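Notes for the one structure printed next.
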Amino acid sequence: MAVGVLLIGCESIQTPSPDSHPSSPTSMIPPSDSAVPEPSADAAAGPPLNDLERTVLGALASLGIEGHRGEQSPEGASIYATLDDGHELYVTAIPPNADRSDSVVVGRRFVAGSQVERIETSSGDTFDRFDCTEARYILGGTPPAQFDSFDAFLGAFIVEVGC
């Protein structure tokens, strides 16, 4: 008798510390002119990277951050990075009209010329979200050590993706 187990879309959620940004969103952007790093081993095991995955990975690489594909999507990007201090950073990109989340906007501000919305999910996690012409980006987690704050990282990321 054979027994099989199939795992689909498993995700680890960590409770953020008071001085960190929250954990991970679930779920895009067109190719950029910047050099995109070679896919990491986890990306090489699946189908080729889509345009949004290449854009997010390229933007992170240009900021000195090694990103990895979280979940595979034909249209979107779900990217994470484990930082030197063990914390994680998450970037999700989806087509502009594909956001079906149950989040609520709890604040708005401008970062690097883009309107950024602070959103809260039904589970209480908070993330930052902004729109570009080709995609909606949702970011969360801890800012990388080379940035003074999450907004400093967010501003640099917004510039790198060309918004």
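Quick notes on this one:
- Estimated dipole of segment 46-163 in Debye, rounded to 20 [Cβ of Lys and Arg +1, of Asp and Glu -1, Cα centre]: 240
- Extension gain, Asp102 back to Ala152 (0.36 nm per residue minus Cα-Cα distance, nm): 15.3 nm
- Per-peptide average of other Cβ atoms within 10 Å, ordering 87-94, 118-125 highest first: 87-94, 118-125
Bear in mind these aren't lab numbers, they're just calculated from the coordinates by the rules spelled out. Everything quoted here is computed from the prediction, not taken from an experiment. Cβ sites come from the backbone with ideal geometry, for glycine too, and all protein chains shown count toward neighbours.
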